[in-house]
Amino acid sequence: MMIEKHISALLYRYQCVTVPGFGAFITETVSARFNETSQTFVPPKKTILFNSLLQQNDGLLANHIALEENISFNQAVALIYEQVNSWKNTLHEQQVIYLKNIGELTLNSEDKIQFEPVGSTNYLTSSFGLSAVVATAITNEQTKPTKVVSISKSKPRLQWVRYTAAAAALIGLYSSVSTYQEYELYQEKKLAVEKEVQNKIEQKLQQATFVIETPEIITQKVAEVTKEVEKKPFHIVAGAFKTEAKAQILTNELKEKGYENAKYLDPSKHNMRPVVYNSYTSLEEAQTELRLIHEKVNKDAWIFIEN
């Protein structure tokens with residue numbers, strides 16, 4: 001059994017998730033930041049660290065697995081230790097362990113475990129639904145001083161119109177500069193309120209276990225969305241990789257550059273995973289977007305038609 005999905009689920013609610021006999025995954029909150037490469041404001045998120053010294057069983061992971069898999073606590077502990085032994089054997093064979101939506105684990109020359117976070121998942125619940133905001137550059141035209149024109153007294157209405165236009169230009173400039181400051185202030189207030197709510201929710205979750213049945217309407221919606229995705233066989237490819245980890249890294253880079261629909265597809269017959277900017281319902285639509293990507297981003301991008 002792969003236990004990374006249970007680790008991932010717990011990282012949303014807890015700062016530290018310990019894998020007994022192996023180490024602990026620790027989350028650290030990072031404030032919103034400006035990415036100069038992609039010219040975007042990135043919302044707050046949780047980064048993941050790994051500490052191989054924290055190995056004592058606190059019961060958190062085992063209890064979660066027992067509840068989710070409907071097995072006893074002792075059986076869950078046994079499954080964890082079985083997985084840990086498998087991981088250790090993999091590392092001693094100088095192979096990479098990839099934990100989906102978490103990261104990669106390797107063994108360095110000093111036989112110490114090295115961790116590299118991989119994946120676009122944001123474990124900060126207060127940032128759920130937030131995406132990167134593209135910054136609007138201030139052009140030279142916007143920063144040119146307003147030209148003062150002498151207006152005769154016989155045209156008071158024209159003079160008022162010109163003053164109003166100058167004031168509007170200054171307001172527009174101020175709005176462009178203050179957008180990120182307002183965004184940061186809003187996020188700080190929103191984070192404070194949601195943190196208080198989250199603490200109350202966690203107290204309730206620690207006292208009881210809730211089983212939520214999936215409503216039939218949600219199942220239907222998922223089926224409809226899946227059907228829509230299947231109708232987009234035309235993909236613009238940015239690159240292709242044999243390993244899932246490298247495909248995930250490029251996918252994250254594309255998302256930071258503003259391609260929110262970027263993803264990697266299932267391996268091809270040559271065992272290569274294509275990473276795509278976006279998918280389209282028609283070839284004409286894909287060709288139109290490909291021309292723009294060739295001009296501005298990547299002249300080596302190409303169209304892949306999925307059978």
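Which ones in segment 94-114 are touching a strand residue (DSSP E or B) at 6+ places or on another chain (Cβ under 9 Å) and in a loop (DSSP other than H, G, I, E, B)? Working first, answer last.
So in segment 94-114, the residues touching a strand residue (DSSP E or B) at 6+ places or on another chain (Cβ under 9 Å) come out as 94-99, 102-108, 113-114.
Within segment 94-114, Gln94, Gln95, Val96, Ile102, Asn108 meet the criteria.
For segment 46-91, give me each residue that is outside any helix (DSSP H, G or I) and of a type in the set (A, V, I, L, M, F, W, C). If you could, list the steps in order and put the result at the bottom.
Here is the first cut: in segment 46-91, the residues outside any helix (DSSP H, G or I) are 46-59, 70-72.
Ile48, Leu49, Phe50, Leu53, Leu54, Ile71 - these are the residues of segment 46-91 that are outside any helix (DSSP H, G or I) and of a type in the set (A, V, I, L, M, F, W, C).
For every residue, the table says whether it meets (1) in contact with a strand residue (DSSP E or B) (Cβ under 7 Å, 6 or more places away or on another chain); (2) surrounded by 16 or more Cβ atoms within 10 Å (Cβ to Cβ); (3) not charged (D, E, K, R).
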residue: Phe241; (1), (2), (3): yes, yes, yes
residue: Ala247; (1), (2), (3): yes, yes, yes
residue: Leu265; (1), (2), (3): yes, yes, yes
residue: His270; (1), (2), (3): no, no, yes
residue: Glu289; (1), (2), (3): yes, yes, no
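Need the failing condition index for Ala240 against (1) of a type outside the set (Lys, Arg); (2) modelled with pLDDT under 60; (3) in contact with a Pro (Cβ under 7 Å, 6 or more places away or on another chain), just the number.
(2)
Count, please, the residues in segment 243-295 that happen to be assigned to a loop (DSSP other than H, G, I, E, B) and either over 16 Å from the mean Cα position of the chain (by Cα) or modelled with pLDDT of 90 or more (or both). Lay out the reasoning, then the answer.
The initial filter retains those residues of segment 243-295 that are assigned to a loop (DSSP other than H, G, I, E, B), namely 243, 257-262, 265-272, 281-282.
Those still in the list that are either over 16 Å from the mean Cα position of the chain (by Cα) or modelled with pLDDT of 90 or more (or both) too: 243, 258-262, 265-272, 281-282.
Residues that pass the stated criteria total 16.
Given the criteria touching an Asp or Glu at 6+ places or on another chain (Cβ under 9 Å) and either modelled with pLDDT of 90 or more or under 28 Å from Ala192 (Cβ atoms) (or both), does Arg13 qualify? Even if it seems obvious, please write down each step before you answer.
Details: touching an Asp or Glu at 6+ places or on another chain (Cβ under 9 Å): yes; either modelled with pLDDT of 90 or more or under 28 Å from Ala192 (Cβ atoms) (or both): yes.
Yes.
Please determine whether any residue of segment 67-80 is in the same structural domain as Tyr123 (by TED's automatic domain parsing), closer than 27 Å to Asn108 by Cβ and modelled with pLDDT under 90.
no
The values are calculated or read from the model by the stated rules, or taken from the named source; none is laboratory data. Treat the numbers as computed from the prediction; the structure is a model and nothing was measured. Because the Cβ atoms are built from the backbone with ideal geometry, glycine has one as well, and the counts that use them run over all protein chains shown.
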